[in-house]
1. List every residue pair whose Cβ atoms sit under 9 Å apart, with the two residues 6 or more apart in sequence or on different chains, where the first one lies in the stretch 33-47 and is without any contact (Cβ under 8 Å) to a residue 60 or more places away in the chain and on the phi > 0 side of the Ramachandran plot and the second, anywhere, is open to solvent by 50 Å² or more (accessible area, probe 1.4 Å) and outside any loop (DSSP other than H, G, I, E, B).
2. Determine which single condition Ser31 fails, assuming it passes every other condition in (1) more than 20 Å from the chain's Cα centre (by Cα); (2) within 24 Å of Ser114 (Cβ to Cβ).
3. State the number of residues belonging to the stretch 66-85 that are part of a strand (DSSP E or B) and open to solvent by 30 Å² or more (accessible area, probe 1.4 Å).
4. Can you tell me how many residues within the stretch 102-129 are open to solvent by 50 Å² or more (accessible area, probe 1.4 Å) and aromatic (Phe, Trp, Tyr)?
5. Report yes if Asp90 is surrounded by 15 or more Cβ atoms within 10 Å (Cβ to Cβ), assigned to a loop (DSSP other than H, G, I, E, B) and touching a residue at least 60 places away in the same chain (Cβ under 8 Å), otherwise no.
6. Of the numbered conditions (1) out of contact with any Leu (no Cβ under 6 Å at 6 or more places or on another chain); (2) crowded, with 16+ Cβ neighbours inside 10 Å, Ser56 satisfies every one except a single condition; which is it?
7. Answer yes or no as to whether Val161 is surrounded by 10 or more Cβ atoms within 10 Å (Cβ to Cβ), modelled with pLDDT of 70 or more, in contact with a Phe, Trp or Tyr (Cβ under 9 Å, 6 or more places away or on another chain) and in a loop (DSSP other than H, G, I, E, B).
8. Scan the stretch 17-26 for residues that are in a loop (DSSP other than H, G, I, E, B) and either open to solvent by less than 10 Å² (accessible area, probe 1.4 Å) or aliphatic (A, V, I, L, M) (or both) and report the count.
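The values are calculated or read from the model by the stated rules, or taken from the named source; none is laboratory data. Nothing here was measured: the structure is a model prediction, and the numbers come from that model. Cβ placement follows ideal geometry from the backbone for every residue including glycine, while neighbour counts extend to all protein chains displayed. Keep in mind that these areas ignore ligands, DNA and RNA; they rest on the heavy atoms of the full protein, side chains included. Shrake-Rupley method; radii C 1.70, N 1.55, O 1.52, S 1.80 Å.
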Amino acid sequence: PTIFANVVINEVEINPAGGDPGNEWVEIFNSGSEVNLSGWYIHTAVGLNHSLDNISLPGSSFYIKQGFSPIIANSNQNLKLFDNTNTLIDQTGIFSDNANNASTYSRMPDVTGSFVFQTATKNTSNQQTLIQNKTSSPLCILNGNNVTLSANVTGFCVEEVIFSVLINGIWTN
């Protein structure tokens, strides 16, 4: 039978905050059918192969390869994902990260997008959550010179909340 597996390198941390040994990681995402990663490996720019664990990765699931030895280079790094038949499945562009922080190269959107340098989303989706076109009831409309707006937002990776306010017939963020 034909098995549809869309396995990609989804996020890469090549220079984590603090020491690199044991803290670098690569996130693999499978958006297709379950696939066994036995014999799969990640190939680095310096020619080293790092085996993935012998696990079955269900569809719509993440796998984190962590603890690279020797460590992954922080500059001019290109990672390639090979399956158990030595077929190239996916690869990154050339990455450099000299910041020594919690920023990673992440596909935006997951699986199909280009890599962007952003705050890590290890083992979760890289997608931004966009809440838009929400309306308020007439009971919530405020009028006056001094109005305080606040938002209680829960979740992960929320970096910005924008209020749109109608002032003298002009919408202002």
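1. Cβ pairs passing all conditions: Gly39/Ser51.
2. Tallying (1) more than 20 Å from the chain's Cα centre (by Cα); (2) within 24 Å of Ser114 (Cβ to Cβ), Ser31 fails exactly one: (1).
3. Start the filter on the stretch 66-85 by keeping residues that are part of a strand (DSSP E or B), which leaves 66, 77, 80-82.
Within this subset, residues satisfying the condition of being open to solvent by 30 Å² or more (accessible area, probe 1.4 Å) are 66, 80, 82.
So the count comes out to 3.
4. Here the count works out to 1.
5. Details: surrounded by 15 or more Cβ atoms within 10 Å (Cβ to Cβ): yes; assigned to a loop (DSSP other than H, G, I, E, B): no; touching a residue at least 60 places away in the same chain (Cβ under 8 Å): yes.
No, not satisfied.
6. (2)
7. On the way: surrounded by 10 or more Cβ atoms within 10 Å (Cβ to Cβ): yes; modelled with pLDDT of 70 or more: yes; in contact with a Phe, Trp or Tyr (Cβ under 9 Å, 6 or more places away or on another chain): no; in a loop (DSSP other than H, G, I, E, B): yes.
It is false that Val161 is surrounded by 10 or more Cβ atoms within 10 Å (Cβ to Cβ), modelled with pLDDT of 70 or more, in contact with a Phe, Trp or Tyr (Cβ under 9 Å, 6 or more places away or on another chain) and in a loop (DSSP other than H, G, I, E, B).
8. Applying the first criterion (in a loop (DSSP other than H, G, I, E, B)) to the stretch 17-26 yields 17-24.
With either open to solvent by less than 10 Å² (accessible area, probe 1.4 Å) or aliphatic (A, V, I, L, M) (or both) added as a condition, the list becomes 17, 24.
Total meeting the criteria: 2.
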